[in-house]
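The values are calculated or read from the model by the stated rules, or taken from the named source; none is laboratory data. The model shown is predicted, which means the values in this text are computed figures rather than measured ones. Reconstructed Cβ throughout: ideal geometry from the backbone, glycine too, with neighbour counts over all protein chains shown.
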């Protein structure tokens, strides 16, 4: 089973971003998760391409971008140019999701799709075989530090069943409220990748925290 840990840049110290990115470089983290918000799809604004390009110059980990924006299709090429490894779009924001997934793959990135907490995994029946990863939000998107939604465990089980039924190779990623009290169970029920922001960057020893999550 995969044990992919992707700390979220959203919780880093933006006054000393280079220091936090260098910490990630030294850590056992696999990816760096980039939460891109536009203040429209979600009630918050995060960062854009100048920050992402600056991060790319320093970060040695793969960049895992999560687009919480309306009309993500407008920016797919720019994320590819910025050196993003995996591009994650919301099911709720894409009118023609299959076309969006095709464009992401054509530009050499891994293609992922995200579901909000209220969206059932059944909506992916006709697309799950075409994506590289599915991200299940375990909090309502837009802000860090929220409490984990317990129904996420059953959604992982449902998604695992759908992936198997459709003979898909998609990984399962969980984002929101991840910590040492739920990480082990999330991996046990079928998650492949965990996004952790506040829990990592606000811990006393982020390197040890990341290492502990990898061992869950």
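Number of residues in region 10-24 that are farther than 21 Å from residue 173 by Cβ, without any contact (Cβ under 8 Å) to a residue 40 or more places away in the chain and assigned to a helix (DSSP H, G or I): the value is 3.
Under the condition of being in contact with a helix residue (DSSP H, G or I) (Cβ under 8 Å, 6 or more places away or on another chain) and not in a helix (DSSP H, G or I), the residues counted in region 195-212 number 4.
Residue-wise test of (1) closer than 21 Å to residue 91 by Cα; (2) crowded, with 19+ Cβ neighbours inside 10 Å; (3) modelled with pLDDT under 95; (4) within 18 Å of the chain's Cα centre (by Cα).
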residue: 155; (1), (2), (3), (4): yes, yes, no, yes
residue: 167; (1), (2), (3), (4): yes, no, no, no
residue: 171; (1), (2), (3), (4): yes, yes, no, yes
residue: 191; (1), (2), (3), (4): yes, yes, no, yes
residue: 195; (1), (2), (3), (4): yes, yes, no, yes
residue: 204; (1), (2), (3), (4): no, no, no, no
residue: 208; (1), (2), (3), (4): no, no, no, no
residue: 215; (1), (2), (3), (4): no, no, yes, no
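Residues in region 25-34 that are without any contact (Cβ under 8 Å) to a residue 60 or more places away in the chain and within 17 Å of the chain's Cα centre (by Cα): 32, 34.
Just to verify a result, which residue in region 161-194, among those that are in a helix (DSSP H, G or I) and touching a residue at least 40 places away in the same chain (Cβ under 8 Å), is farthest from residue 148 (Cα to Cα)?
Per the criteria, the residue is 162.
Answer yes or no as to whether residue 7 is touching a residue at least 12 places away in the same chain (Cβ under 8 Å), over 18 Å from residue 76 (Cα atoms) and in a loop (DSSP other than H, G, I, E, B). For residue 7, the condition - touching a residue at least 12 places away in the same chain (Cβ under 8 Å), over 18 Å from residue 76 (Cα atoms) and in a loop (DSSP other than H, G, I, E, B) - is not met. The set of residues from region 132-142 being touching a strand residue (DSSP E or B) at 6+ places or on another chain (Cβ under 9 Å), without any contact (Cβ under 8 Å) to a residue 60 or more places away in the chain and either more than 15 Å from residue 172 (Cβ to Cβ) or in a helix (DSSP H, G or I) (or both) comprises just one member, 139.
Applying the criterion of being in contact with a helix residue (DSSP H, G or I) (Cβ under 7 Å, 6 or more places away or on another chain) and surrounded by 18 or more Cβ atoms within 10 Å (Cβ to Cβ) to the residues of region 26-45, the residue that is farthest from residue 207 (Cα to Cα) is 41.
Take the conditions (1) touching a helix residue (DSSP H, G or I) at 6+ places or on another chain (Cβ under 8 Å); (2) buried (at least 20 other Cβ atoms within 10 Å of the Cβ); (3) within 17 Å of residue 33 (Cα to Cα); residue 133 misses just one of them, which is (1). Quick check on my filter: what residues within region 59-84 are touching a residue at least 24 places away in the same chain (Cβ under 8 Å), loosely packed, with under 15 Cβ neighbours inside 10 Å and closer than 23 Å to residue 17 by Cα? Within region 59-84, 60, 78 qualify.
Of the residues making up region 48-56, none is at pLDDT 95 or above and closer than 30 Å to residue 188 by Cα.
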